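Novice: Just dropping this structure here.
Rule-based calculations on the coordinates, nothing more; no lab input. From a predicted model like this one, the values you see are computed outputs, not experimental measurements.
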Amino acid sequence: MEIRTIKERIECSGAIICAKDTARILLLQKTDGKHSGRWVLPGGTNNEGENPFQGLQRELQEEIGTLPNFTKVIPLEKFVSKDMVFMFNTYFCIVEQEFLITTCQEHSGWGWFQLDRLPKPTHQGLEQSIRNKNTQLKIQTIIEVMREL
């Protein structure tokens, strides 16, 4: 297997933004490209020199028009492709309540959804992540603790 250099790798970050008052998450609907029409997490590709969380903060500002006031940010998982070329960092980010966003041209829609009632079609990476038993248990625990606070 060929190992690529750091410069040839793609690292992305995304946020499962969860509202404490409703336990619903924010998803965006892609406008163009190979994921057109699919529902995705807010986030995107990290720029050179950015760490994953810095990339996420910039992407949130670009994609939803604001950097939400998170009450808690929890690194949830890091997906690494078999060829080690693609990496996706997922953060579970808690906000007090749902909020309105301003979408960029990359997205045609947005909404707050229950984890067990995601819209279709959902991005395959998001679908796999949410359906992973370990991830489900982590999210369930986070939501249970979040509601106690």
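Novice: Would you kindly derive the ³J(HN,Hα) couplings of region 132-149 from the backbone phi angles with the Karplus curve 6.51 cos²θ - 1.76 cosθ + 1.60 (θ = phi - 60°), listing them in order in whole Hz, with x for Gly and Pro?
Specialist: Ordered by residue, 3J(HN,Hα) equals 5, 4, 4, 5, 4, 5, 4, 5, 4, 5, 4, 5, 4, 5, 4, 6, 6, 7 Hz.
Novice: Okay, moving on. Can you work out ³J(HN,Hα) from phi for every residue in region 78-89, in order, using Karplus 6.51 cos²θ - 1.76 cosθ + 1.60 and θ = phi - 60°, giving whole Hz and x for Gly and Pro?
Specialist: Karplus values, whole Hz, x for Gly and Pro: 10, 8, 10, 5, 4, 8, 6, 8, 10, 10, 10, 9.
Novice: Starting from the amide H of F86, placed 1.01 Å from N in the peptide plane, find each other amide H under 5 Å away whose residue is 5 or more places distant or on another chain.
Specialist: I10, S81
Novice: Please figure out what share of the DSSP beta bridges in region 8-148 is antiparallel and state it in percent, rounded to the nearest 5.
Specialist: Around 65 percent antiparallel, to the nearest 5.
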